[in-house]
Amino acid sequence: MKMLKTATVAAALMGSAALANPYADYEGTTLIVNFPAHPHYDAVMQILPQFTEETGIEVEVDQLPYLAMRERQTLELAQDEGDYDLIAYVVFSKADYVYADQLENLAKYFMNPALADPSYDAGDLIDGYVYNIGFAGGDRGYLSGKTGSLFGLPYGSETSVLGYRKDIFEKHGLEVPETYEEMLALACQIPELEPGMGGLASRAASGHHAAHAFLLHLNPLGGGIFDDSWQPIMNSAEGVAAAEALKQIVDCGPEGASTFGFGEALGAFLNGDTAMYLDTTVVAGQINDPSRSQVVDKVGWALHPMGTERASQTGGFGIGIPANAENKEAAFLLMQWLTSKAGDKAVALAGGNPSRFSTHSDADVNAAFPHMATFGEALQYADPDWRPIIPTWGKVNADLGTTLSQVLTEGLDIQEALDGVAERARATMEEAGYYTWQ
């Protein structure tokens, strides 16, 4: 009897030890992940060895430029068995992947007590980021709602903030703009005060860059792409105002502004060629990197200026498990570790873009990156419906960006240009069946 009791206790201890190490069953597994060449994921590469050390799970990363990554994923996710166990995807790929049944619904993993960490605290994840990057099937088909499900988690998600040159503003006694009216006035005043310097750097190149820049102004100025019946409204008075704002910014921007993509707009700010930068929070690490930036310690941060309402961007990247992945449970453990409180703090300290409210208010993170408090405040206004994340968006977005480029470079009338985009968007939506029930 005593021997049986001893054996029982030993077995119980072994069971407790197993429960204490949820990674034990996956030790020695090698996960293949696909990440973009992107500042956030450069930071991720620094913390991945810590995951392997803690779990015994190896991680091999196929890191590619975004467009190459998307092309590779399009091929891989269509296979019966794919090479990738975990992927990063940009926000507007969500609709394509979910609609094609190529991403795992995460409910069964968070329901599994052997996998789901009870201290994960999903409520601490930034709401706008989660709904924007992770949900599908809810309101409007791509937001949260009673019919929605979770297919991914934010990781490298972004909102928009205003960066400004503190030294230039102090030199000329300028106030940091709080409204669109103030920002647009400064955008054209600064080149007069500082000859050779642009007012505000912006994306503007034909295609998705110009469309992105237009969206930066559309929601704060009270506009949208579609109404609740999927009728195009980008040609409304608010849409015209957003395009006029973009044109004014480009006209008063640094030399060559009408051809700027993301890299060129950021480069202009890093090189000191412009006094303001309105775009993604993800650039802060580069601005503070002396190997890349000539404006280290000269940049202040403020909320996205207010138009008719306060709103800021949601976008960037999330991570999900392909439906054809080989090691789904181990991939979930990596996803959970990366987006946990400890993982989010670690990637933030490495220069990444955090996905949790607690990270933005963390004392260590704020000591290393004082701008994080402002970024956290901006998240109160992050709009998950910044753009319509639907299968037809790629076509509408490309047309919008190409047409806006003609406005910026060829003088095409703004109302005429947006009316044309709206007409073509309506035809695209009709062909896709969006008006079947009307």
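The values are calculated or read from the model by the stated rules, or taken from the named source; none is laboratory data. As the structure is a computational prediction, the values presented were derived from the model and not from experiment. Every residue, glycine among them, receives a Cβ derived from its backbone with ideal geometry; neighbour counts consider all protein chains shown.
Below are the figures for this structure:
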read-out: Every pair of residues 6+ apart whose Cβ atoms lie under 6 Å, when the first sits in the range 370-392 and is without any contact (Cβ under 8 Å) to a residue 60 or more places away in the chain while the second is surrounded by fewer than 19 Cβ atoms within 10 Å (Cβ to Cβ) and of a type outside the set (S, T, N, Q); value: Thr392/Ala432
read-out: Given (1) at pLDDT 95 or above; (2) assigned to a helix (DSSP H, G or I); (3) outside the structural domain of Met276 (by TED's automatic domain parsing), number of the condition Ile168 does not satisfy; value: (3)
read-out: Residues (surrounded by fewer than 18 Cβ atoms within 10 Å (Cβ to Cβ) and under 23 Å from Leu216 (Cβ atoms)) located in the range 140-172; value: Arg140, Leu143, Lys166
read-out: Enumeration of residues in the range 87-124 that are within 27 Å of Pro65 (Cα to Cα), surrounded by fewer than 22 Cβ atoms within 10 Å (Cβ to Cβ) and among the hydrophobic types (A, V, I, L, M, F, W, C); value: Val90, Phe92, Ala95, Ala100, Leu106
read-out: The range 200-228 - residue that is surrounded by fewer than 23 Cβ atoms within 10 Å (Cβ to Cβ) and out of contact with any Phe, Trp or Tyr (no Cβ under 8 Å at 6 or more places or on another chain) and, of those, modelled with the lowest pLDDT; value: His208
read-out: Scan of the range 340-385 for residues that are acidic (Asp, Glu) and crowded, with 22+ Cβ neighbours inside 10 Å, ordered by number; value: Asp344
read-out: Residue within the range 379-389 that is in a helix (DSSP H, G or I) and more than 18 Å from the chain's Cα centre (by Cα) present; value: no
read-out: Residue in the range 183-199 that is more than 16 Å from His304 (Cβ to Cβ), in contact with a Ser or Thr (Cβ under 8 Å, 6 or more places away or on another chain), assigned to a loop (DSSP other than H, G, I, E, B) and at pLDDT 95 or above present; value: yes
read-out: Output for the range 64-76, where each listed residue is of a type in the set (S, T, N, Q) and surrounded by fewer than 17 Cβ atoms within 10 Å (Cβ to Cβ); value: Thr74
read-out: Members of the range 225-248 that are touching a Leu at 6+ places or on another chain (Cβ under 7 Å) and part of a loop (DSSP other than H, G, I, E, B); value: Met234, Asn235
read-out: Checklist (1) in the same structural domain as Ala284 (by TED's automatic domain parsing); (2) touching a residue at least 24 places away in the same chain (Cβ under 8 Å); (3) not acidic (Asp, Glu) applied to Ser149, failing item; value: (1)
read-out: From Asp124, Asp139, residue being of a type in the set (Asp, Glu), more than 28 Å from Ala245 (Cα to Cα) and in contact with a strand residue (DSSP E or B) (Cβ under 7 Å, 6 or more places away or on another chain); value: Asp124
read-out: Filter result for Leu400 (more than 30 Å from Gly207 (Cα to Cα), buried (at least 20 other Cβ atoms within 10 Å of the Cβ) and either among the aliphatic types (A, V, I, L, M) or in contact with a strand residue (DSSP E or B) (Cβ under 7 Å, 6 or more places away or on another chain) (or both)); value: no
read-out: Test result for Ala367, of a type in the set (A, V, I, L, M, F, W, C), out of contact with any Asp or Glu (no Cβ under 9 Å at 6 or more places or on another chain) and without any contact (Cβ under 8 Å) to a residue 12 or more places away in the chain; value: yes
read-out: Subset of the range 242-264 (residues that are under 13 Å from Thr409 (Cα atoms), small (Gly, Ala, Ser) and in contact with a Ser or Thr (Cβ under 9 Å, 6 or more places away or on another chain)); value: Ala257, Ser258
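Yes or no, residue by residue, for (1) touching a strand residue (DSSP E or B) at 6+ places or on another chain (Cβ under 9 Å); (2) on the phi > 0 side of the Ramachandran plot; (3) outside the structural domain of Tyr84 (by TED's automatic domain parsing):
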| residue | (1), (2), (3) |
| --- | --- |
| Pro254 | yes, no, yes |
| Gly261 | no, no, yes |
| Met276 | yes, no, yes |
| Asp297 | no, yes, yes |
| Gly320 | yes, no, no |
| Ala331 | yes, no, no |
| Gln336 | yes, no, no |
| Thr339 | yes, no, no |
